[in-house]
Amino acid sequence: MRTESDDGVWASATANMRTYIILQERAKAFRADPRTAAALEKSGVNEFLQPTAAKGEGWKEIASESFDLEAAGKRGYHYEELDQLALEYLIGVY
């Protein structure tokens with residue numbers, strides 16, 4: 001059972017596209033902000049662009065490698081800074 005009339009369905013589609021375009025523009029502005037670039041650099045997110053497994057390496061080889069949990073736990077990723085900046089773009093602070 002549909003809860004909207006045909007006009008309501010089209011109004012919803014129009015509103016959804018408007019929201020999409022607004023978010024698209026906010027995302028472009030966020031990515032163009034030098035603060036975003038700096039926060040991304042500090043977070044090390046670009047490291048995710050590098051393959052973490054060698055060609056032909058499987059899960060068994062990866063699982064047998066040692067991992068320094070203490071060192072990983074001490075590293076700051078600055079995700080909160082990125083999160084706050086993204087939120088402020090989404091709600092229109094910038």
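General observations
- Sorted by Cβ neighbour density within 10 Å, fewest at the top, the residues Trp10, Trp59: Trp59, Trp10
- Between Asp33 and Leu87, the simple label model (points 7 Å from Cα in the Cβ direction) yields a spacing of 1.3 nm.
- Springs join every pair of Cα atoms under 10 Å in this Gaussian network model of the chain, and among Glu41, Glu61, Glu81 the largest mean-square fluctuation is at Glu61.
- Note on His78 and Val45: the extension gain reaches 10.9 nm, defined as 0.36 nm multiplied by sequence separation minus the Cα-Cα distance.
- Gap separating the Cα centres of segment 73-94 and segment 19-70, nearest whole Å: 14 Å
- Over the residues of the chain, the helix contribution to mean residue ellipticity at 222 nm works out to -20000 deg cm²/dmol, using -39500 (n - 2.57) for each DSSP H run of at least 4.
- For the chain, relative contact order (Cα pairs under 8 Å, six or more residues apart, normalised by length) works out to 42 percent.
- Sparse packing (at most 12 other Cβ atoms within 10 Å of the Cβ) combined with a DSSP loop state is found for the following trypsin sites (Lys or Arg not before Pro) in segment 5-94: Lys55, Arg75.
- For the chain, a Gaussian network of Cα nodes joined below 10 Å ranks Leu82, Leu40, Leu49 by mean-square fluctuation, and the top entry is Leu49.
- Gyration tensor (alpha-carbon) shape descriptor, segment 1-65, a/c threshold 1.5: oblate
Bear in mind these aren't lab numbers, they're just calculated from the coordinates by the rules spelled out. Everything numeric here is computed off the predicted structure, so don't read it as measured data. We place every Cβ from the backbone using ideal geometry, glycine too, and count neighbours over all the protein chains shown.
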